[in-house]
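Visitor: Got a structure for you, questions after.
The values are calculated or read from the model by the stated rules, or taken from the named source; none is laboratory data. As the structure is a prediction and not an experimental result, all values here were calculated from the model. Don't worry about glycine lacking a Cβ; one is built from the backbone with ideal geometry, like all the others, and counts go over all protein chains shown. Keep in mind that these areas ignore ligands, DNA and RNA; they rest on the heavy atoms of the full protein, side chains included. Shrake-Rupley method; radii C 1.70, N 1.55, O 1.52, S 1.80 Å.
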Number of protein chains: 2
Amino acid sequence: MESIAGLSRRAVATAEGMAPVLDFHFRSRYGGRRGDPAICDLTFGNPHEFPLPALVEAIRERAVPQDKDWFAYKTSEPEPQAFVAEALARELELPFAPADIALTAGAFGAIAVAFRLLLDAGDEAIFSLPPWFCYAPMLLAADAVPRQVALTPGRFDLDLAAIEAAIGPRTRLVIVNTPHNPTGRIYGREELLALGQMLDRASARLGRRIYLLSDEPYRRLRFDGRGFTSPAAVYPWTLISYSYGKVLLAPGQRLGYLAVSPLMPGPERRAIQGAVAASQIALGWCFPNAVMQRGPGPGGTEHRHDHPHGQARPAAARPERRRLRGAAARGHVLPVRPLPVRRACLHRRARRPGRVRAARPDDAGPGLFPGEPHGLAGDDRARVARVRRDRGRAPESRGPVTRSAGAIAPQ
Amino acid sequence: MESIAGLSRRAVATAEGMAPVLDFHFRSRYGGRRGDPAICDLTFGNPHEFPLPALVEAIRERAVPQDKDWFAYKTSEPEPQAFVAEALARELELPFAPADIALTAGAFGAIAVAFRLLLDAGDEAIFSLPPWFCYAPMLLAADAVPRQVALTPGRFDLDLAAIEAAIGPRTRLVIVNTPHNPTGRIYGREELLALGQMLDRASARLGRRIYLLSDEPYRRLRFDGRGFTSPAAVYPWTLISYSYGKVLLAPGQRLGYLAVSPLMPGPERRAIQGAVAASQIALGWCFPNAVMQRGPGPGGTEHRHDHPHGQARPAAARPERRRLRGAAARGHVLPVRPLPVRRACLHRRARRPGRVRAARPDDAGPGLFPGEPHGLAGDDRARVARVRRDRGRAPESRGPVTRSAGAIAPQ
């Protein structure tokens, strides 16, 4: 930024916190080549394939008004609330009620709302290092204090002792991101249970409740039959943030939710249910669009925006894998270890000693995310990308995906 | 709210500030009858007619992906930025550049971002009494301090002496809402010029710049050839918040912008341009949806979301006016004076003395907005509604509006 003239301190802190990502996205060599179809772009969580035809059809169908209020203001509409509550209850085996579900403009909206609901200025939130790169600037924008705690080296497990040591009198929130971005780690039930017990003890010690935000946008992107435990199932004071952007290959359509764990004690649960709409309105009416909230017809109950996931059709992944292998061969990237959700941790291989240290966001090679926004500037670890085995038999195609969602289920 | 267990103080303040509106909307007698087509609903800024076919067509067309990134994350995309800059330059006769335009999820998003860009916790913002009912809770959610200054009695002019008297060392922002909701007042150039000069003097006195937020969602809903001056033309430190929701009859589709006055001195202008995207991301990725930002085709430059306005087609307004007259005759409402943009200020007529004082939101009669959320509980003034002369000749219809946008131009 050229100047901070006129800006609030929090806007400056937010801009500075977001600068590594935005500089990379808009002003780096990558930024200049972004969108070039020759590039295997493994940076941000954008789709690598065409959206599913069912999504396109649903949007087109819902855009046809059935009454004059078709495009009127929408808050959390009863139909998608009920749909999400039921689907989530089935998936997580927890008794969600419709009122537990706040429809939001993507997971970003859910996280921003959660920060305002639970944190006052000066309150602290703990999350993992390496982190998703937006927690810190989003906390700074909310006048809250980010506290990063390193995951265990190598395995990327939660370091409970380190988290406990980081808890202080202003700690109000611990963020768990599972499957974890950028490492791909899925935390197990025992690990989460131990975290919950520790937070319970710490809350009792502090005399105020420490909440947990479980950020789960990748929850349904799991392979090899891996299970999933939401922290909402083991620690009652949990909110879940979720985005349909990943499974629908449509992060630009802003559909997600903030869900309250139904295990939360009544007073806290009802307080959050009762306050969330006001916070959403005050944050800029961060509900999904009318078209994105609608069922496929008036009175319809089917909510089509719910697929296991639409990404990574094996055939379509082939050219990417080829480019990725090519990049690795040229010394740009090096898969270091397979991870549970088949994300491969990549970093740049130095051709000469000392080269890595000199790495900058804009020469990290096309399509790879630099380490800086993950707080990993020192070892220049790059952002990770999922790599799947190619078992598909379908012909390669650059056109829209024609398989149904069911056919893209984990294999 | 049953309990404030676990909630932040600001979430509680936001919920309490929003409670009169939300209670009325969701829990009043009105809330129970909302959506009943027999009701002439003059409460919130929702459409009274079907959306324009051009909007429906545009959404349907844009939902068809032309590449795999069709629904990828969108920030402020260059095409609509350039379009809005050019259209706004023509309309307001000010040299807007594309970088002055931040595309937002409606005016709510623009206002929320402006509050974070310009205000730190504890900073004060001044706005009019009666106000649009969300300024105060939105400021509370931003940890800022709302200061209401009464408009002049009867004429609803800005009371410059009162505004000047309300300015203190923490004053950082004055909000001008023109045309003013709820009174319909359009402030004249001389009045705004005098305000700007006063703010200039006050800024010099304080040693820090007081900014102006010009909230203009009704800017294009003017009749009888009335002109319009944006504060951005007379006070360089002005941001404009705008929503396409009113002109498109589609507030649920969340399309708007925050614009920086091109008269703003370079350092401040560039600082805001440079910081706005980070604040939008941190507030929950409050950019418009991918579909709403797209031109009608790849490489297309026409941005169809720009009409003078689509509301109040004379023929379609007829049944409403009839119901309104009926309500007035039954003593529910009384138009008290015509206002510049043809909004009529309504209040409830007491059948017996003392009746007005006993008024509550949920017995204000269907379709009328109670005074409380406008800070007018004492005199029980109701929310206003625009009433137009019925000169139309088209047959009445409950189907989609078939006139082109051009045919709905002010008459």
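Visitor: Quick one: order A:25, A:180 from most to least accessible surface, probe 1.4 Å.
Guide: A:25, A:180
Visitor: Need one number: buried accessible surface between chains A and B, 1.4 Å probe, both sides summed, DNA, RNA and ligands left out, in Å² to 100.
Guide: Heavy-atom accessible area buried at this interface is about 7000 Å².
Visitor: Moving to a separate point now. Got the relative contact order for segment B:67-304 handy, in percent, Cα pairs under 8 Å and 6 or more residues apart?
Guide: Relative contact order comes out at 27 percent.
Visitor: Can you tell me the length gained on complete extension of the stretch residue A:5 to residue A:162, counting 0.36 nm per residue apart and subtracting the Cα distance? Numbers along the way, then the final one.
Guide: Working: separation 157, 0.36 × 157 = 56.52 nm, distance 3.92 nm.
Residue separation times 0.36 nm, minus the Cα-Cα distance, leaves 52.6 nm.
Visitor: Kindly work out what percent of the DSSP beta bridges joining two residues of segment B:67-304 are antiparallel, to the nearest 5.
Guide: Percent antiparallel among DSSP bridges in segment B:67-304 is about 35.
Visitor: Based on the Cβ-Cβ distance from residue A:200 to residue A:93, what FRET efficiency comes out when R0 is 22 Å, to the nearest 0.05? Please list the in-between numbers first.
Guide: Details: r = 21 Å, r/R0 = 0.97.
It comes to 0.55.
Visitor: Segment B:193-302: which trypsin sites (Lys or Arg not before Pro) are DSSP loop and have at most 15 other beta-carbon atoms within 10 angstrom?
Guide: B:208, B:226
Visitor: Follow-up question, since we're still on this one. Averaged across the residues of B:52-62, what count of C-beta atoms belonging to other chains lies within 10 Å of each residue's C-beta?
Guide: 3
Visitor: So, one more: Which GluC sites (Glu not before Pro) in segment B:44-102 pass both tests, a DSSP loop state and at most 11 other beta-carbon atoms within 10 Å?
Guide: B:93
Visitor: May I pose another question? What does the charge add up to near residue A:199, with Lys and Arg as +1, Asp and Glu as -1, over the other residues with Cβ less than 12 Å from its Cβ?
Guide: That sum, taken over residues with Cβ under 12 Å, equals +3.
Visitor: Per-residue HN-Hα couplings for segment B:201-206, Karplus 6.51 cos²θ - 1.76 cosθ + 1.60 at θ = phi - 60°, whole Hz, x for Gly and Pro?
Guide: So the Karplus estimates, Gly and Pro as x, are 5, 5, 4, 5, 5, 6 Hz.
Visitor: May I pose another question? Starting from segment B:185-254, pick out the chymotrypsin sites (Phe, Trp or Tyr not before Pro) whose DSSP state is loop and whose Cβ has at most 16 other Cβ atoms within 10 Å.
Guide: Passing both the DSSP loop test and the Cβ count: B:223.
Visitor: When you look at the Cβ of every residue in B:141-153, what mean number of other chain Cβ atoms sits within 10 Å?
Guide: 2
Visitor: Can you work out ³J(HN,Hα) from phi for every residue in segment B:236-245, in order, using Karplus 6.51 cos²θ - 1.76 cosθ + 1.60 and θ = phi - 60°, giving whole Hz and x for Gly and Pro?
Guide: With coefficients 6.51, -1.76 and 1.60, one gets x, 8, 10, 10, 10, 9, 9, 10, 8, x Hz.
Visitor: Just read off the accessible area of residue A:120 with the full protein assembly in place, 1.4 Å probe, to the nearest 10 Å².
Guide: Approximately 10 Å² of residue A:120 is accessible to the 1.4 Å probe.
Visitor: Tell me, what is the 1.4 Å probe accessible area of residue A:149, in Å² to the nearest 10?
Guide: Answer for residue A:149: close to 10 Å² accessible.
Visitor: What figure, in Å² to the nearest 10, do you get for the accessible area of residue A:286 with a 1.4 Å probe and non-protein molecules left out?
Guide: Result for residue A:286: roughly 10 Å² accessible.
Visitor: Within 10 Å of each Cβ in A:253-261, how many Cβ atoms from other chains are there, averaged over the peptide?
Guide: The shielding value for this peptide is 3.
Visitor: With θ taken as phi - 60° and the coefficients 6.51, -1.76 and 1.60, list the Karplus ³J(HN,Hα) couplings across segment A:178-187 in order, rounded to whole Hz; mark glycine and proline as x.
Guide: Using θ = phi - 60°, the values come out as 9, x, 7, 9, x, 8, x, 5, 9, 7 Hz.
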